[in-house]
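Here the structure comes first, spelled out in structure tokens, and everything after it is commentary.
The values are calculated or read from the model by the stated rules, or taken from the named source; none is laboratory data. For clarity, every value in this text was computed on a predicted model and none was experimentally measured. Reconstructed Cβ throughout: ideal geometry from the backbone, glycine too, with neighbour counts over all protein chains shown. The protein model used for the area step is the full one, side chains on, heavy atoms only, and it has no ligands, DNA or RNA in it. Shrake-Rupley method; radii C 1.70, N 1.55, O 1.52, S 1.80 Å.
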Amino acid sequence: MKVKLAAKAGFCFGVKRALDMAERTVENSPSVSLGPLIHNQQVVKRLAERGIRVVNALEEVSTEQALIIRSHGVGPNVYQGAENKGIQVVDATCPFVQKAQRLAAESAQMGQQVIVMGDKLHPEVQGILGWAGEQAIPIQTLEEAKELSFYSQLAVLAQTTQLAESFEGIVEELKLHTNDLTVHNTICNATAERQKAARELAQTVDVMVVVGGRNSANTEKLASICAELTKTYLIETAEELEVKWFDEVKIAGLTAGASTPDWIIEEVYQKMTEIDENEISMDDWEKIAPVSKRVKEEEGPADLSRRHERNGGARLNGLVESKEEISAKVIEIVKGGLVVDVGMRGFVPASQIHLDYIEDLNQFLGKTLRLRMIEFDPDNRKAVFSQKVILEEERAVKRQERLETLTEGDIVTGVVRRLADFGAFVDIGGVDGLLHISDMAYTRIKHPSEMLKIGDEVELQVLKFDQQTGKISLGLKQLKVSPWLQVAEKYPVGTLVEGVVVRIVTFGAFVGLADGVDGLVHISQLTDHRINKVEEVLKVGDVVCAKVIECKPEEKRISLSMREMVEDVTRANDVEAMASQPEIKPVTIGDVLGKIKFTDK
């Protein structure tokens, strides 16, 4: 069976943005989200493990906690309520949803009757209705649109995950209910792209699998689109896949909702591939199942020996129950996995070899694996083994041991496992910690890939460790000497310095003086005349000279002035010019009169 993945599937921009913001927020303060951050139970569970608790009302939030607004957005009353209580708000609302909220508010202010197409119980729609005012009307079907009265002015917009065809049909109907219709197509382009890709794939396969939360609107719509074209199954995790779905299937399709993370998609893809690998036809199995001639070698304590052969199926069948670990040599590479010699030919699926994905199976030929039997069918002489389950158990033990001995301040060595926009996840011996981008270097970096790559071994310091949640924050720059320790000596007040403009903000320009040390030239210190924007004088990359007018290393702050430097240089030039003039001897009246010849009349 061939498994095809849709061209567009999984996290959309808005969801990824919300998760990144949540990850950054919880690293700096206790955090909660108002409702599940996204409609995916597995992701919400992971966030809970990292310390982001779900609350359902502002009354559950304390002033010490950061309140994360989920990607679906909320109405204006929530922002006002949070402000009244003094709660810090981190707004992770999807930008496409924010656009719909803004258009709804503007339309209401213009006196238009606002129609919101979407599920009236969905949090996104409820939030948009909050911005549109009490008079806004939610509808979901063409039938509901037909029941509307006639209005002098109408404005219509849609929940971002709605089907484009359904929205177009409702727009046509609304034209019969007003002489002045404003149409705001607020359907997210990422949603439209995923729906189009799913539709195209469903037309070419025997069965479709849609992965995502059952309470996710965009996932449900993907499933409904595919179901119109072929047999379709909606699942949340790989564990829900059933072998019988793929009987007689030659090509299977896979897509996922916008709230489905890559790791779940990958697990489902591997499991679908594995189903095909494990469910080898009897013709294929008979090619690899006959008893092989055992390689002559000494019997080790964990090997299946000739004695096991004599006991036959009873011994092998007992391995499933006992979970005994055995050793077996790889004697052949076959479709989707390895054949091992266990007294008969056993099969190890590719997904059960290692914790990580293995691309080249040939590296295992002739190697001895540590295995545990996970399936045995004596009638068909079929034995399936896994090394991965052993490695997973060992990793769990290592993780527990590491957590029990870890303390803040420890220096640890780890391996970079994954990079994200906000940092790197590092395995420090059975447990992953987060190396936030702000703790990588004293210099400003845009992405972790500028310093690290997957597989790198790094030495780090444990900055924070929460025993309860297992959350670990790591630091790299903390093991290096801070460049600010020498700032007072290197940049005393009055020093003239040269640097490169690295960043421009509304109130001035930051100038790089050394690695990790920037000085600020306030907009008032740029020139001797008033300017409205920093860009009138500078741009990023310019090399500038300036005077240090304030140096506070303890606050990591250096203030610079280009204006004072120019004034100092001008004064110095004036003094030099005066000093370079030739000396003129003083002249008295007598000297002058003495040179004048007087004559008598």
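Could you put VAL566, VAL416 in order of accessible surface area, largest first, with the 1.4 Å probe and the full protein assembly present? Could you put the intermediate results ahead of the total?
On the way: VAL566 80, VAL416 0 Å².
Greatest to least solvent exposure: VAL566, VAL416.
Using +1 on the beta carbon of Lys and Arg, -1 on that of Asp and Glu, and nothing else charged, what's the dipole of the chain about the Cα centre, debye to 20? Write out the running numbers ahead of the final one.
Working: 72 positive and 93 negative charges, 182 e Å.
Taking the Cα centre of the chain as origin, the dipole is about 880 debye.
Note down, for the stretch 483-576, the three equivalent ellipsoid semi-axes (square root of 5 times each alpha carbon gyration tensor eigenvalue), biggest first, whole angstrom. Show your work: numbers first, answer last.
Numbers: eigenvalues 82, 65, 23 Å².
For the stretch 483-576, the ellipsoid semi-axes come out as 20, 18, 11 Å.
What is the sum of charges, Lys and Arg at +1 and Asp and Glu at -1, for the other residues whose Cβ falls under 15 Å from the Cβ of ASP91? Numbers along the way, then the final one.
Values: positive: ARG17, ARG24, ARG70, LYS99, ARG102; negative: ASP20, GLU83, GLU124.
Residues near ASP91 contribute +2 overall.
Residues of the stretch 406-475: accessible area per residue at 1.4 Å, in Å²? Before the final figure, lay out each step's value.
Numbers: 3320 Å² over 70 residues.
Accessible area per residue, the stretch 406-475: 47 Å².
Could you state the number of Å between the C-alpha centres of the stretch 469-540 and the stretch 329-349?
61 Å
Going by the alpha-carbon gyration tensor, a ≥ b ≥ c the square roots of its eigenvalues, is the chain rounded (a/c under 1.5) or, if a/c is not under 1.5, prolate (a/b greater than b/c) versus oblate? Write down the numbers at each step before the final one.
On the way: a/c = 3.00, a/b = 1.55, b/c = 1.93.
Oblate, since a/c reaches 1.5 and b/c is not below a/b.
Using a 1.4 angstrom probe, figure out how much accessible area the stretch 95-187 has per residue, in square angstrom, rounded to the nearest whole. Write down the numbers at each step before the final one.
Numbers: 4410 Å² over 93 residues.
The answer is 47 Å² per residue.
At 0.36 nm per residue, and after removing the present C-alpha to C-alpha distance, how many nm does the segment from VAL415 to LYS244 gain when stretched out fully? Let's see the in-between values first.
Details: separation 171, 0.36 × 171 = 61.56 nm, distance 4.02 nm.
Here the answer is 57.5 nm.
For the stretch 325-394, run through the GluC sites (Glu not before Pro) and keep only the ones in DSSP coil with at most 13 other Cβ atoms within 10 Å of their Cβ. Intermediate values should be presented prior to the final figure.
Working: sites: GLU325, GLU332, GLU359, GLU375, GLU392, GLU393, GLU394; in loops: GLU325, GLU359.
Taking the stretch 325-394 and a limit of 13 other Cβ atoms within 10 Å, the loop GluC sites (Glu not before Pro) found are GLU359.
Just to make sure I understand: if all protein chains stay in place, what is the order of ASP119, ASP542 by accessible area at 1.4 Å, largest first? Could the numbers behind the result be given before it?
Details: ASP119 55, ASP542 35 Å².
Most to least solvent-accessible, the answer reads ASP119, ASP542.
Evaluate the relative contact order of the stretch 45-89 (contact order divided by residue number), counting alpha-carbon pairs under 8 angstrom at least 6 apart; express in whole percent.
Values: 27 pairs, mean separation 18.4, N = 45.
Over the stretch 45-89, the number comes to 41 percent.
Quick one: accessible surface of HIS184, probe radius 1.4 Å, all protein chains present, in square angstrom to the nearest 10.
Ignoring ligands and nucleic acids, HIS184 comes out at about 40 Å².
Excluding same-chain residues fewer than 8 positions from LYS323, which aspartates and glutamates have a Cα within less than 17 Å of its Cα?
Partners within reach: ASP303, GLU375, ASP377, GLU392, GLU393, GLU394.
In straight Cα distance, which lysines are under 19 Å from LYS16, not counting same-chain residues fewer than 8 positions off?
Leaving aside lysines fewer than 8 places away in the same chain, those within reach of LYS16 are LYS8, LYS45, LYS99, LYS446.
How high is the relative contact order of the chain, in percent, with contacts defined as C-alpha pairs under 8 Å that are six or more residues apart?
Working: 1107 pairs, mean separation 50.0, N = 601.
With pairs under 8 Å counted, the relative contact order is 8 percent.
Would you work out which of SER149, LEU174, THR191 lies farthest towards the positive end of the dipole of the stretch 135-211? Charges go on Cβ: Lys and Arg +1, Asp and Glu -1.
About the Cα centre, the residue reaching furthest to the positive side is THR191.
Please give the contour-minus-distance gain from ALA488 to LEU142: 0.36 nm per residue of separation, less the Cα-Cα distance, rounded to one decimal in nm.
Numbers: separation 346, 0.36 × 346 = 124.56 nm, distance 7.10 nm.
Using 0.36 nm per residue and subtracting the Cα-Cα distance, I get 117.5 nm.
Computed on alpha carbon atoms, what radius of gyration and Dmax characterise the stretch 1-87, expressed in Å?
15.2, 59
Leaving ligands, DNA and RNA out of it, report the carbon-plus-sulfur percent of the accessible area of the chain at a 1.4 Å probe.
Working: 15990 of 32060 Å².
That fraction is 50 percent.
Leaving out ligands, DNA and RNA but keeping every protein chain, what accessible area does ASP360 have, in Å² rounded to the nearest 10, with a 1.4 Å probe?
Accessible area, nearest 10 Å²: 80 Å².
Can you give the net charge of the other residues whose Cβ lies under 14 Å from the Cβ of THR230, counting K and R as +1 and D and E as -1?
On the way: positive: LYS4, ARG199, LYS231, LYS250; negative: GLU200, ASP206, GLU228, GLU248.
Charge balance in the 14 Å sphere: 0.
On a 1.4 Å probe surface of the protein chains, which of THR178, THR407 comes out largest in accessible area, and what is the full order? Could you put the intermediate results ahead of the total?
Details: THR178 5, THR407 70 Å².
So, going from the largest accessible area down, we get THR407, THR178.
What accessible area per residue, rounded to a whole number of Å², is obtained for the stretch 1-63 using a probe radius of 1.4 Å?
On the way: 2930 Å² over 63 residues.
In whole numbers, the stretch 1-63 has 46 Å² accessible per residue.
List, in the order given, every pair from LYS490/LYS547; LYS271/LYS335; LYS271/LYS367; LYS453/LYS477; LYS2/LYS335 whose Cα-Cα distance in the structure shown is over 19 Å. Mind showing how you got there, number by number?
Details: LYS490/LYS547 13 Å; LYS271/LYS335 15 Å; LYS271/LYS367 25 Å; LYS453/LYS477 17 Å; LYS2/LYS335 12 Å.
Pairs exceeding 19 Å: LYS271/LYS367.
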